[in-house]
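Worksheet for the structure shown next.
The values are calculated or read from the model by the stated rules, or taken from the named source; none is laboratory data. From a predicted model like this one, the values you see are computed outputs, not experimental measurements. Note: ideal-geometry Cβ built from the backbone for every residue, glycine included; neighbour counts use all protein chains shown. Just so you know, the surface numbers come from the protein's heavy atoms only, side chains and all, with ligands and any DNA or RNA stripped out. Shrake-Rupley method; radii C 1.70, N 1.55, O 1.52, S 1.80 Å.
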Amino acid sequence: MLLHRESLVARLLREGLVNPSQVHLAETEQRRRGGTVARMLCDLGFIGAEEYARSVAVEAGIAVADSSQLRADPDLIERITLDQARRLRVVPLTQQSGSVTVAMADPTDVLATDQIRQIVGEDLEVLAASEREILNALDACERRTAERPAALTRWLEEAPRERSGELDPVKPDQKTDDAPVIQLVEEILDRAVEAGASDVHFEPAETCLRVRFRLDGLLFPDVLLPRPLQTAVSARLKILSDLDVAESRRPQDGRASISTRRRRTNLRISTLPTQHGESVVVRLLPADSVLPTVSALELPEDLESQLRRSFRQPHGAVIVTGPTGSGKSTTLYAVLNELNQPDTAVFTLEDPVEMPMDGVRQTQILEEAGLTYSTALRALLRQDPDVILVGETRDTETAQLMVRAALTGHVILTTLHTNDAAGAVPRLVDMGVEPGLLPGSLNAILAQRLVRRLCSACREPVADAPSLWSTVEGLRISPLEPRAWQARGCSQCRHSGYRGRMGVFELLLPDERFHDLIVGRASRAELVRRARELGMRSLFENGVPRVWAGDTTWEELQQATREE
């Protein structure tokens, strides 16, 4: 068993999921606490519980259980009691033809496997799952057998639902006097976390309060609450985030933290006055999110190697562009994770600080207190930094300071709101940066978009894929195999046909071949023309292989890159 775990550490290092300094810390902790180095990497937060479970499964040669299907079988749970299941970290899933399928947090634990086999008295088919997923499934099983408060049941299970884009009417005789609002809000947030939502929208309407979840970039209806509950729900969310409950005429922003499903979740809560009352949007940020890696971004192989070379230069700026919600921060954190080494001084300026990183000094921008990006960057340059992450370059002074810092021996990571990579250059010039400074300061400009990922359980090939691609000039598709896929929908993807999102990218390397164009204040179109002459592929072109491979659909790629 130990050999499995040690080879697992080697694989994690090889794939860039952890770095040598993190392994060293885990080895030190392992000598103090016992166990394995891989387990310590998980306990210290360097890899997530889900990644640990997947890695152990790969080493053991077994399948990983689908988290959406982790539901304990009622008959089996009578044979394996909840107490036994928690102690052994196992969920009994199904039983058929003399075999029981179970999900285990540690499928390599031979003693636990033998004990489960003795309890059920049948052969076992073992799947892997993270410890958190196991305990969440057992908690859900326990909740199903417990009685939920009657008032909460009424509001959540008997409240009108939104169907086919229409609002069901609210009955006028519904009363809210005994509605347990605290439990109501907690239950809604708990369901949002379970569903993997990034945001929860509480939207006031004329006759009701509509609740919607944002999943994979799209809003999905959840429940409609009676209009009289609106003020109480808003007040509860304000109390959670320490906002002024009595103030409803101006926008407010606050932060909070909740514990749900054995994980800590940070909340960013924003209120906005509207015609029918206060709109409240809650951003959900898992407190124990695993730090992303460049490998996990799934860039094309050549783009990944070019990006790595650019941010490993001794100085210069790497800019990530794209609209709001396109994954720019995730990309910057992935780059920063690789640059964060024991011999490097790493600083960030962020609004807000979304993901804590060991060994990185992170500063929260507070504009109301006078701590703006430009003010903080000017002060930070006196802190002897090697690497600086500027969350967003949004004004002239920040842009000028960022470029000058990139010229004076610092690695700068930042974001810009432009439609493509080439658009970043004229944008910086418009912000007041001297064009002559840009060729020597820019290492790389990465543009990106997010597209929904096809559900692997129910995707199906498009019948006439070659004719679909024939409308795109320059693409050659073999008619012998399907090169496009479509969403069908199943229980695993909530019948949407998609599960999760992935990035498509465009990388511009503004080297000496762009010098005259940049200094001459060339337009975006001229920069794009030169870049394509030098072999740069567009967002759409880099996304085509992902459509061929069945990772996403033609429609998703078109929607994400429609500017082209």
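Numbers below:
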quantity: Residue within segment 25-44 that is under 29 Å from G500 (Cα atoms), aliphatic (A, V, I, L, M) and in contact (Cβ under 8 Å) with a residue 40 or more places away in the chain present; calculated: no
quantity: Residue, nearest to L299 (Cα to Cα), within segment 498-526, restricted to residues that are of a type in the set (A, V, I, L, M) and open to solvent by 10 Å² or more (accessible area, probe 1.4 Å); calculated: L507
quantity: Criterion violated by R264 - all others in (1) surrounded by 15 or more Cβ atoms within 10 Å (Cβ to Cβ); (2) of a type in the set (K, R); (3) closer than 27 Å to A137 by Cα satisfied; calculated: (1)
quantity: Lone unmet requirement of (1) closer than 15 Å to L291 by Cβ; (2) modelled with pLDDT of 75 or more; (3) surrounded by fewer than 16 Cβ atoms within 10 Å (Cβ to Cβ) for L41; calculated: (3)
quantity: Test: residue in segment 420-429 that is open to solvent by 30 Å² or more (accessible area, probe 1.4 Å) and either acidic (D, E) or under 22 Å from the mean Cα position of the chain (by Cα) (or both); calculated: no
quantity: Strands (runs of 3 or more DSSP E) enclosed by segment 205-304 - at least 1 residues per element that are in contact with a helix residue (DSSP H, G or I) (Cβ under 6 Å, 6 or more places away or on another chain) and farther than 22 Å from T324 by Cα; calculated: 208-215, 252-260, 277-286
quantity: Residues of segment 438-473 classified as surrounded by 18 or more Cβ atoms within 10 Å (Cβ to Cβ) and under 30 Å from T396 (Cβ atoms), total; calculated: 12
quantity: All positions within segment 321-355 that are part of a loop (DSSP other than H, G, I, E, B) and under 16 Å from V387 (Cα atoms); calculated: N340, Q341, P342, D343, T344, A345
quantity: Complete set of residues in segment 5-38 that are at pLDDT below 80 and among the hydroxyl-bearing types (S, T, Y); calculated: S7, T36
quantity: Candidate set from segment 401-417 (those that are open to solvent by 30 Å² or more (accessible area, probe 1.4 Å) and in a loop (DSSP other than H, G, I, E, B)); member that is farthest from E338 (Cα to Cα); calculated: H417
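Residue-wise test of (1) farther than 30 Å from R79 by Cα; (2) basic (K, R); (3) at pLDDT 90 or above.
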position	(1), (2), (3)
A137	no, no, no
C141	no, no, no
D168	yes, no, no
R210	yes, yes, yes
